[in-house]
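> One structure is given below, represented as structure tokens, and several questions about it will come after.
The values are calculated or read from the model by the stated rules, or taken from the named source; none is laboratory data. Because the structure is predicted, anything quoted here is derived from the model rather than measured. Neighbour counts run over all protein chains shown; Cβ positions are idealised from the backbone, glycine included.
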Amino acid sequence: MSSDYCRICTSILRDYFGQDVSEIAKPLQWGQKSLMTLSTMLDGKYPRHLIQETIIVLLQFNFVSAICNVHSVQIEYKLNMENILMILRYPKYLSIIKRKFGNQYKELVETLLCLGRASLSKIVSECIKLQNKTDDLYNNYWEKAIELIRNEYFKRTPTYVVWTEVKQNKIFTPPTKNQKDEKKILFTLNYNKFHQDMRNKIIIDAVVRTFDDTIVGEVMSTILSQCADSSAPVSNPISLQLIRSNLSVGHNYLLEYITMIEEDPTKFLCKSYGTMCNITVNFKQIINCLNDSIMDQVVSYKFGESSARLFRATRSNKLLELERLQQTALIPDRETKTLTSELFMNNYLQVQELRKPNTRLGRNDGKSFYLYHLNERQLHQELTEEILKMIGNCMMWKFKTCEDNKRLLKNKARFDGMVQGLQDKQEADKDFIEEAMDNLFSPSERILLDSINRLLRKCQLNIMRLDVCLFLFHSYKRYNETIK
Amino acid sequence: MAAVKRGHRDDLSDVAPLAKKAREPETAEQRVLEIIKCSGNKGVSDEDLIRACPVLTIDERVDVVNKLITSNAITLHKVKDTLRYKYKGPTASTPGDANTEELVVFNLIRDSGRKGIWIRDVRIKSNLGLPRLKKILKSLETKKAIKAVKSVAAARKIVYMLFDLEPDSSITGGAWYSNQEFESEFIEILTKHSYKFLEAKKSKALKNTTIRSPLVKYNTSYATADRVLEFISKTGISKVRLTVEDIISILDLLVYDGLAAKRVNSEGKLEYRSTKTLLSRNAVSFLPCGSCPVIKRCSDANQLNCLNCKHMKIWTTI
Ligand code: SF4
């Protein structure tokens, strides 16, 4: 794991669980360890029971998994950094659910995110408690939770204390309410499903952008909703009939829309011409296109338009000599040289040397061909690192801002709690709160609070934006590795 | 002089009028030339000539061949101990008062055709010393027999070619060069206009309410290079005549800039359509780190870290 990756994990844990947990989990980043080794490594800084507790908490969230080694007596703990990184996406998950189902569902998901893993009854009751709702809503929430399971947003997970496994066919089976061992069936979030939604959203947006037509987006989203969950590069065939029956608009021109998407150079869809018209989605192709798009944007932002042109020209021509490159991109000779060398130095372009074979006279006349090309895998690796670093930088600033204004923020939090309490009792009066605010905080403090809030929001927003890039990179990696 | 001005292309017609008022020996010359010409690259030996025109006596034949050789229409080659005559191809007439050295140089330059020949190659092939060669070139130039052309391949490289030849596009660089200068601004303007044209075509197609079918709308938002060329010619931006290939390379630039997409239509022609990027604004561009040249060295353990980075400080002050 790279240092940037570790840095982010530490930051996220610190953000979410506090300084202690992140410190305790730090040694685990460099490999799995037993409890004993961990406490020696921490050098008595933390009492053993605190370490134990931390591990239990992290186990609960599946941020740490316990590994029972056959050869050693001890159980070792392994940090699941990928899961930790998912925390960055929590807001996104919530917004997906809210958009798709509504507020109550969102509250359920939120509760489960706070709990890590829990039985359904626990999730529901906890949710009601958190939202200050009355108990008679229990059944209502229960139904909604069952629906979330049916839609595969929640999944069963094996338990640790009493080891239970989950059968493949039962992952998404909801428990009945009065089942005897209902408490033993634990649920967690099914990240895959959320990621699928995220991916679909990005694809639909891309399609709408390409065709400037929202109905195309509808068509695409209907097609995507019929895709079976799989990470195959091409989706299962979907019959036209199925799409038609699920589509709400644009029935008359459905086939035309599909032909349109199919014929576009982006080639998002494939259509089979037979008695049954089946449609498949080229997921791999889509993800590759999207990744190329990010790359281009990054290059053009970093090095300028002309460099982006050279970069893209190299990509579409695979291997190019400098002179040919200049002719294709139509950029003055000297400029081409500087720009390519700049790209080359930053590892965005690679050079392949083709030596002329030695001539008959036994000497090389010194001429080789230098062909420019891209190494997508390496580029992805590097960009991932850079984006991780940027996210880390945003987090550092978040911490610093909070740290610098600790006292003020604490006061504000206390005040907010008070206001919340008053509001719950319906005693709050807008003017009264305003007045209290004026009394407790000086004008300069209020301005400061405002700007802190804005900064924190800005950081958070950018972290989420960058996370989309990470998400696409990750999908790219997955699709391009499964092929081999 | 006059012969040179007429240039090598008129050369064949040059011979034809002669044939009209031809008397015996001149027709013979014609026929021999014809025979040699037909033999192409293989050439014709003396025996072949005898077989081909048995009417000619030895003296006449020698006479004719000699005349042809001196008038530079054919050359003599030795192939496996036999002499063969070969046709020299359409030849530009040499300047009348040229001496042998000049002739050698002139022939070399003529043979290089529209691609021209580099002075170094002339020197090597003609075996002349540089000062002498320079003098010869100068004199040929003043006679307007040849001209020097700057090549775009290298700034200082000068090639020589016949005076009335149009330099090859590999020398001039095609439409994108004027006086051996690369015209980036011209290209820039052309790309902008082409893009505008594509954009207009697309928005017109999308706004057209008479067409209901989305597929037709989509297809009409594509434009072929011919159409773009037509538009560009109409606007009169370009003083040079642009070819379809030139426009295709301009439109390809739009593709490389991510502003257009291209596809091959049912007739096998290239079509272009303006597009947007698949993703909206790039996440990286929201942070100063996105364009930071030292991002690799920026780390918490370093002097250079995000907390005392100037750009980050500016970014975080709201
Ligand atoms: S924090 Fe500053 S130095 Fe570090 S990567 Fe960002 S812009 Fe560059």
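> Name the single residue that is nearest to the other protein chains (Cβ to nearest Cβ) among those in the range B:273-289 being of a type in the set (Lys, Arg) and within 30 Å of A:Asn393 (Cβ to Cβ).
Checked the range B:273-289; the qualifying residue nearest to the other protein chains (Cβ to nearest Cβ) is B:Lys276.
> Keeping to the range B:119-156, report how many residues are surrounded by fewer than 16 Cβ atoms within 10 Å (Cβ to Cβ) and not β-branched (Val, Ile, Thr).
Total meeting the criteria: 18.
> Scanning for something closer than 19 Å to B:Asn107 by Cβ, at pLDDT 75 or above and crowded, with 16+ Cβ neighbours inside 10 Å, does the range B:69-76 turn up at least one residue?
yes
> Taking B:Ala283, is it within 26 Å of A:Ile261 (Cβ to Cβ), within 16 Å of the ligand (Cβ to nearest atom) and of a type in the set (A, V, I, L, M, F, W, C)?
Yes, satisfied.
> Test A:Arg324 against the stated conditions and say whether it is without any contact (Cβ under 8 Å) to a residue 12 or more places away in the chain and more than 10 Å from every other protein chain (Cβ to nearest Cβ).
Considered against the rule, which asks whether it is without any contact (Cβ under 8 Å) to a residue 12 or more places away in the chain and more than 10 Å from every other protein chain (Cβ to nearest Cβ), A:Arg324 comes out as yes.
> Go over the candidates A:Ile433, A:Ile463, A:Ile452 one by one and state the one that is at pLDDT below 85 and touching a helix residue (DSSP H, G or I) at 6+ places or on another chain (Cβ under 8 Å).
Sole residue among the options that is at pLDDT below 85 and touching a helix residue (DSSP H, G or I) at 6+ places or on another chain (Cβ under 8 Å): A:Ile433.
> To continue, here is another question. Considering the range A:50-66 alone, what residues qualify as being of a type in the set (Val, Ile, Thr) and surrounded by 13 or more Cβ atoms within 10 Å (Cβ to Cβ)?
A:Ile51, A:Thr54, A:Ile55, A:Val57, A:Val64, listed by residue number.
> Show me the helices (runs of 4 or more DSSP H) entirely contained within the range B:197-264 in which 2 or more residues are more than 10 Å from chain A (Cβ to nearest Cβ).
B:225-235, B:244-256
> Among the residues of the range A:404-414, is any in a helix (DSSP H, G or I) and either over 35 Å from the mean Cα position of the chain (by Cα) or within 14 Å of chain B (Cβ to nearest Cβ) (or both)?
yes
> Something else about it: If B:Leu270 satisfies every condition in (1) more than 7 Å from every other protein chain (Cβ to nearest Cβ); (2) modelled with pLDDT under 85 but one, which is the exception?
In the conditions (1) more than 7 Å from every other protein chain (Cβ to nearest Cβ); (2) modelled with pLDDT under 85, B:Leu270 misses (2) alone.
> Moving to a separate point now. Consider the range B:286-303. How many of its residues are within 7 Å of the ligand (Cβ to nearest atom) and exposed (fewer than 12 other Cβ atoms within 10 Å of the Cβ)?
So the count comes out to 1.
> While we're looking at this one, here's another question. Quick one: count up the residues across the range A:271-312 that are touching a residue at least 60 places away in the same chain (Cβ under 8 Å), of a type in the set (A, V, I, L, M) and out of contact with any Gly (no Cβ under 9 Å at 6 or more places or on another chain).
Result for the range A:271-312: 5.
> Among the candidates A:Glu386, A:Glu342, single out the residue that is within 14 Å of chain B (Cβ to nearest Cβ), at pLDDT 85 or above, more than 16 Å from the ligand (Cβ to nearest atom) and outside any strand (DSSP E or B).
None of the other options fit; the residue is A:Glu342.
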